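S.K.: Dropping a structure here in structure tokens format, bear with me for questions.
Computed from the coordinates by the stated procedures, all read-outs in this text should not be read as laboratory data. As the structure is a computational prediction, the values presented were derived from the model and not from experiment. Cβ coordinates were reconstructed from backbone atoms using ideal geometry, including for glycine residues, and neighbour counts include every protein chain displayed.
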Amino acid sequence: MSNVTLSPLLRDGEPPSAVIERPQGQSPFLLLADHAGQRIPSQLGDLGLAIGEIDRHIGWDIGSLATARLLSEYLDATLIHQQYSRLVIDCNRTPGIASSIPEISEHTRIPRNIGVTVAEADARRIEVFQPYHDLITQTLNQRRDNGQPSVIISMHSFTPSFKNIERPWQIGTLFNRNPAFALQLVAFLQQDRELHVGINEPYAMTDATDFTLPFHAEQRQLPYVGIEIRQDLITHQAGQVQWATRLAQLLPQVLEVINKAE
């Protein structure tokens, strides 16, 4: 397989990288899904992966888009999501770092990502990464100009085990600066004694490991939380409905508490 990518990366007829749903949603919540899709541009073939590998968690956040779409419906909230696999370029990583275009994910080598040239990396950034973040920026600016408040909810899913280490949490909440919204959500979630709630688990949010929330929420000083739901709980529709319903009930309650405290 040739490692030379022609410009443009996305050919005529291929879908755009970023999609906005419910753009006129009246909710203060803006839902984002960085790892919603698993498409690969036709020029990149199958990235050198074995059949079925792209369907694993290394390729996308299983169940995150379906859950986010239900939550968008229940809240009347705008949703922006990415259609291409994080193995093409990870839209929640700063371009240029090793995990932006990973050569290995968990234990799986990504052959087509080995030896990617500067020009190829730029094509992935310009045609896949940038349109997604530009759409988020444009949406936030428009909401600001219209006087519509924005609370950013970034929707992800995580594997029940990672490198043979079991993960006990059903849901994780991620944050760094401005933790108030996330911690209030934790407090409400913990009222259900059957839930094991991760606080900056299954990993901690940092500028080095995350891009979306530091760039769009923290720089604007907007309330936010990264939500990670264990993927086995949202693989099927019943679980997606259950978690979207739970979050649709709790998120407005969290915002009410936060607004009263200000």
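S.K.: Taking DSSP loops as anything outside H, G, I, E and B, show the longest stretch in the chain free of trypsin sites (Lys or Arg not before Pro) there with at most 12 other beta carbons within 10 Å. If you can, show how the numbers build up before the last one.
M.R.: Details: sites that count: R11, K163, R193.
Between exposed loop sites, the widest span is 12-162.
S.K.: On the principal axes of its Cα set, how long, how wide and how thick is segment 114-262? Give whole Å, largest value first.
M.R.: If we take the Cα atoms of segment 114-262, the spans are 51, 46, 29 Å.
S.K.: Now for a different question. As an exercise, use a Förster radius of 30 Å and the Cβ-Cβ distance of Q242 and Q130 to find the FRET efficiency, rounded to the nearest 0.05. Don't skip to the end; give the middle numbers.
M.R.: Numbers: r = 35 Å, r/R0 = 1.17.
The value I calculate is 0.30.
S.K.: Mind pulling the angle between the C-alpha long axis of helix 237-261 and the longest principal axis of the chain? Nearest 10 degrees, somewhere in 0 to 90.
M.R.: 60 degrees
S.K.: For the pair Y203/N178, report the inter-label distance in nm, with labels modelled 7 Å from Cα in the Cβ direction.
M.R.: Spacing of the two 7 Å Cα→Cβ label points: 2.3 nm.
S.K.: Can you compute the modelled spin-label distance between I104 and V118, with each label point 7 Å from Cα toward Cβ, in nm?
M.R.: Calculated label separation equals 2.7 nm.
S.K.: Continuing with the same structure: Work out how far the C-alpha atoms of segment 103-191 reach from end to end along every principal axis, then list the three figures in whole Å, largest first.
M.R.: Projected onto its principal axes, the Cα set of segment 103-191 covers 46, 43, 18 Å.
S.K.: Further, regarding this structure: Any idea how far apart Q221 and Q142 come out in nm if each label point goes 7 Å out from Cα toward Cβ?
M.R.: 2.6 nm
S.K.: Related question: Taking only DSSP H segments of four or more residues, each worth -39500 (n - 2.57), what value at 222 nm results for the chain once the sum is divided by all its residues, to the nearest 500 deg cm²/dmol?
M.R.: Details: 5 runs with 70 residues, N = 262.
My calculation for the chain gives -8500 deg cm²/dmol from helical runs alone.
S.K.: Would you work out if the chain is rounded, prolate or oblate? Take a ≥ b ≥ c from the square roots of the eigenvalues of the alpha-carbon gyration tensor; rounded if a/c is under 1.5, else prolate when a/b is larger than b/c, oblate otherwise. Show your work: numbers first, answer last.
M.R.: Details: a/c = 1.88, a/b = 1.42, b/c = 1.32.
Taking the square roots of the gyration eigenvalues as a ≥ b ≥ c, the chain is prolate.
S.K.: Let me ask something additional. Rounded to the nearest Å, what's the spacing between the alpha carbon centres of segment 232-262 and segment 192-210? Just the number, please.
M.R.: What the calculation gives is 16 Å, centre to centre.
S.K.: List the residues, sorted by chain then number, that are 5 or more residues from L30 or on another chain and whose placed amide H is less than 5 Å from its amide H.
M.R.: For L30, whose amide H was placed from the backbone, the distant partners under 5 Å are V151, I152, I153.
S.K.: With the contact rule set at Cα under 8 Å and sequence spacing of 6 or more, what percent relative contact order holds for the chain?
M.R.: Details: 472 pairs, mean separation 62.2, N = 262.
Normalised by residue count, the contact order of the chain is 24 percent.
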